[in-house]
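A short write-up of the structure that comes next.
Here, each number is a calculation from the coordinates, and none is a lab measurement. Worth saying up front: this structure is predicted, and the values here are computed from it rather than measured. Don't worry about glycine lacking a Cβ; one is built from the backbone with ideal geometry, like all the others, and counts go over all protein chains shown.
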Amino acid sequence: MPNAFNFSASPFDCLNPDEQRLVRDSVDVVYFRATETILDIGIAPTHLFVIIKGFVTQLDGDEVITTYGPDDCFDGRGLVAGKVSSRFVAAEEVVAYQLAHQAVSDLIASNATFGALLFSDLSNKLSALSARTSQHELQSLTLSRVDEAFLRPAHVVEAETDILSVVKLFQAERTSNVLVRDTKTEPPRLGIFTATALQRAILDGRPLDQLAVGELANFSLIEVRPSDQLGDAMAVMLRHRVHRVVVAEGKQVVGILEALDLFSFLSNQSHLITVQIEEAKDLAGLSQAAAKITRMIVLLHRGGSRVNLIAKLVQQLNARLFERAWHLVAPADLVANSCLFVMGSEGRGEQLLKTDQDNGLILRDGYVPPAELDAICQQFSSALQDFGYPPCPGHIMVNNPQWRKSASEFGQMTRQWLILPDTDSLMNLAIFMDAHTVCGDAHLLETVQKGLMALAIDNDAMLSRFAAAIDAFGSSAGWWNRLLGMGDANQQLNLKKEGIFPLVHGVRSLALAHRVTETGTTGRIAALVKDGKLEANLGADLTDSLYFFMGLKLKAGLAELDTGKPVTGTINVSRLSSLDRDLLKDTLGVVKRFKVQLRHRFHLEAVA
């Protein structure tokens, strides 16, 4: 066999020298004419094919499932199953290697990663990809378990213990907190008392040796498990605005994870950004903090952090940033009588790099806003632009009166979207469905959203027109050609149009049809699967696909920023590794399969 076999292509790039030698000793070169059937349904395959030149189409009846190009291999699943389930036809003249069945079996037996990448489903492929990341990525600190960090011992006192005794324990054990056990409740409960609460104890006025710690303890414990990842524990602290969490396995307390210990372990800048946001005295100070968020994303991405964790941290930091900016520009009574919310990828918790502003403001019914409300909202929108968030091209921002209304007016506007579902109304509806509160009275937004959900499910025609947007960018099979470089010099693929949008909007359509109130795509998927409205396997594939798209888009965006270019959301498929190209085909295939189900569910063939 010639030495030209490409061992840098997936899945052969995970083979050791002995396994590569086995491949060289077990392959031959074969030729197929254009339109020739290489494998047909029901036959028992004897070889795995690896394309050298040309393209092979996989067919289910007359429908094209996928196309394989140079360095791609097929049909691994059929080889393992002992029977081919699709027809494989040469789209043009094909030259390929054929690797003997026994050699493939030996490779699978000796190399689990090879087997997973060869014929497993998308989830297992991504797991195999994770397992073969670089040593630097495997040691990424945010992926470390909570119990790998420094956990302080948990000191437990009874609720009847007096405060003076607790302070003496603080000094003796060099700690700033104790857990408080209250056995007089049913069931018994556990709380926490910290040095910060001493201020309230002193201001209480009673002698400290006569004041029971249980009266001032906080019995709403924030807990994480020892097996949780440190990045998730960090997100919990940010979300609940606490400086420590209790580490427990069931009812067994393992220890206390302090924020300073966690951040010392992680050594990234998210804590510093949070502190800088909280302590900012003006918008200029906030701008400095905002500038560090992208740098944090770079560090986390290069460290191998999961893309969903990065998105979660970005959502938390952006929410704190927007909230602080609103407090700086809006008077206290306006903040108290309104709800500032974000939409789009920011609202879903899926934003990574900074994108267009999408936000709105709901005012409490009966509240008279300040006369300078327009100027206040304009200042807020301008501040976000200074922070690096460009204005929305569709002007979906608080400085647009259309997105700044009372609760009843907002409710009326959303009902109008349902009654007269034209293109603009359906777009506004889709955007508003992702709304997430960042500041103010969240009940104002929840009330409008619940009213919207209650009306939407009774309008099948509107739901069909709403769901039809999954084909808004309809390029049909065009992306296969761009992915494989077949007859198209333009190999730029827009991930949002071809993958992310139809996936996100398809899930959003199902959520609207079934009254799912979650705003994040993965949360909606989980709710739909739980309620039996979406197959569990498809739900898992959609989640994996979304995270893969987000990761690929982030990688491309950071590369554009490194070269001083604007972030476009597109990728150059010719520069993808063979593994990324393989996974991209799988994930786009998942979207294609999902769209078929959506067309059937919403009867999209009848939509004009």
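Among 45-53, 203-211, 4-12, the peptide with the highest mean count of other Cβ atoms within 10 Å heads the list, and the full ranking is 45-53, 4-12, 203-211.
Sorting the segments 19-30, 236-247, 547-558 by their mean number of nearby beta carbons within 10 angstrom, highest to lowest, gives 547-558, 236-247, 19-30. The long axis of helix 122-131 is offset from the longest Cα principal axis of the chain by roughly 70 degrees. When the C-alpha to C-alpha distance is required to be over 32 Å, the pairs from 53/533; 312/565; 405/496 that qualify are 53/533. For the chain, the relative contact order works out to 10 percent when only alpha carbon pairs closer than 8 Å and six or more residues apart are counted.
Is the C-alpha gyration tensor of region 270-456 telling us rounded, prolate or oblate? Criteria: a/c under 1.5 is rounded; beyond that, a/b larger than b/c is prolate, otherwise oblate. Oblate, because a/c is 1.5 or more while a/b does not exceed b/c. For the chain, the longest principal axis of the alpha carbon atoms and the long axis of helix 283-302 meet at an angle near 40°.
Compute the angle between helix 270-279 and the longest alpha-carbon principal axis of the chain, please, reported from 0 to 90 degrees and rounded to the nearest 10. Orientation of helix 270-279: about 40 degrees from the principal axis. Scaling against 2.2 N^0.38 Å puts the C-alpha radius of gyration of the chain at 1.12.
A convex hull fitted around the alpha carbon atoms of region 12-120 yields 89 Å³ per residue. In plain terms, the bigger the Kirkwood radius, the slower the diffusion; for region 146-266, with that radius from Cα pairs, at 4 °C and 1.567 mPa s, Stokes-Einstein puts D at 87 µm²/s. Summing charges over all other residues whose Cβ lies under 15 Å from the Cβ of residue 373, with Lys and Arg as +1 and Asp and Glu as -1, gives -1.
For residue 230, the shell of other residues with beta-carbons less than 11 Å away shows a net charge of -4, using +1 for Lys and Arg and -1 for Asp and Glu. Sorting the segments 523-536, 177-190, 320-333, 344-357 by their residues' average number of neighbouring beta-carbon atoms within 10 angstrom, most packed first, yields 344-357, 320-333, 523-536, 177-190.
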